[in-house]
Amino acid sequence: MNILTLQVAPIGTNCYIVSQNNEAFVVDPGGDSDNIISKAGNFDLKYILITHTHYDHIGALNDLVKAFPDAKVAVHESEKDALYDPVKNLSCGFGINFSFSGKVGISLNDGDTLDFGSSHIEVIHTPGHTVGGVCYLLNDTLFAGDTLFKTGIGRSDLPGGDHDVLIRSIQEKLFVMPGKTKVYPGHMDPTTIAWEKQRNPYLKI
């Protein structure tokens, strides 16, 4: 498995292109659509996975759907509507009224799995940063969106955020994973579950 990290506009969100053999999926296409499309163009793109619907994680979505019409857009059931609402996806705060022009291919719920090659991508609902925030686990690799950062956690002061719920999501759903689990967050550098359990100042347990 190969993981390509692209830091995309408008605020340096981590967009991931994950490939294995000829198949791939994209996590959080926040912007710079031309770059994402160019890098993903050599693969059979199966999914466009959204961890949550803040604009900096979905800004390139319309262009990707046009470039890869067979790729299925996947987002948590509770945040589908936000893809189409500039107020809910916060794009109006960037001076851009973003509305998704396509259709959601897969409405996600906690515990769902998506086939990828000979493996499965597990959907883990981790509310707290947003109501429908999810992480995606593939083998020992976790794509955490804005739930968990290296020595940090996501904001909980935006609409739909809840600090106590976020902490509980991390402790009860992520910190039960093996320490070697690699965490690829929505911003900043990769980390591991073991590192965060030992060093994250927000999550001393």
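The values are calculated or read from the model by the stated rules, or taken from the named source; none is laboratory data. Note that the structure is predicted; figures quoted are calculated from it, not measured. Quick reminder, even Gly has a Cβ in these numbers, built from the backbone with ideal geometry, and neighbours come from all protein chains shown.
Test L4 against the criterion of being without any contact (Cβ under 8 Å) to a residue 40 or more places away in the chain, under 15 Å from the mean Cα position of the chain (by Cα) and more than 29 Å from P159 (Cα to Cα), and give yes or no.
yes
Could you figure out which of (1) modelled with pLDDT of 95 or more; (2) more than 21 Å from Y16 (Cβ to Cβ); (3) of a type outside the set (F, W, Y) isn't true of N139?
Against the list (1) modelled with pLDDT of 95 or more; (2) more than 21 Å from Y16 (Cβ to Cβ); (3) of a type outside the set (F, W, Y), N139 comes up short only on (2).
Just need a number here: residues in region 128-187 that are basic (K, R), in contact with a helix residue (DSSP H, G or I) (Cβ under 8 Å, 6 or more places away or on another chain) and assigned to a strand (DSSP E or B). Step through it out loud before you land on a result.
Filtering region 128-187 for residues basic (K, R) gives 150, 155, 168, 173, 180, 182.
Next cut, in contact with a helix residue (DSSP H, G or I) (Cβ under 8 Å, 6 or more places away or on another chain) only: 150, 180.
Next, from what is left, pick out any that are assigned to a strand (DSSP E or B): none.
Selection size over region 128-187: 0.
When the residues of region 152-171 are narrowed to those that are more than 16 Å from the chain's Cα centre (by Cα) and among the charged types (D, E, K, R), which ends up surrounded by the fewest Cβ atoms within 10 Å (Cβ to Cβ)?
Among residues in region 152-171 that are more than 16 Å from the chain's Cα centre (by Cα) and among the charged types (D, E, K, R), the one surrounded by the fewest Cβ atoms within 10 Å (Cβ to Cβ) is D157.
Of the residues in region 172-205, how many are over 20 Å from the mean Cα position of the chain (by Cα) and within 23 Å of C15 (Cβ to Cβ)?
1
Pull up region 117-151, narrow it to residues that are charged (D, E, K, R) and surrounded by fewer than 23 Cβ atoms within 10 Å (Cβ to Cβ), then point me to the one that is farthest from H187 (Cα to Cα).
Applying the filter and picking the extreme gives E122.
Keeping to region 102-116, report how many residues are surrounded by 14 or more Cβ atoms within 10 Å (Cβ to Cβ), in contact with a helix residue (DSSP H, G or I) (Cβ under 9 Å, 6 or more places away or on another chain) and outside any strand (DSSP E or B).
Looking only at that region, the number is 3.
Quick test for you: out of S119, S156, pick the one residue that is within 25 Å of E23 (Cα to Cα) and of a type in the set (G, A, S).
On the way: S156 fails: within 25 Å of E23 (Cα to Cα).
From the options S119, S156, the qualifying one is S119.
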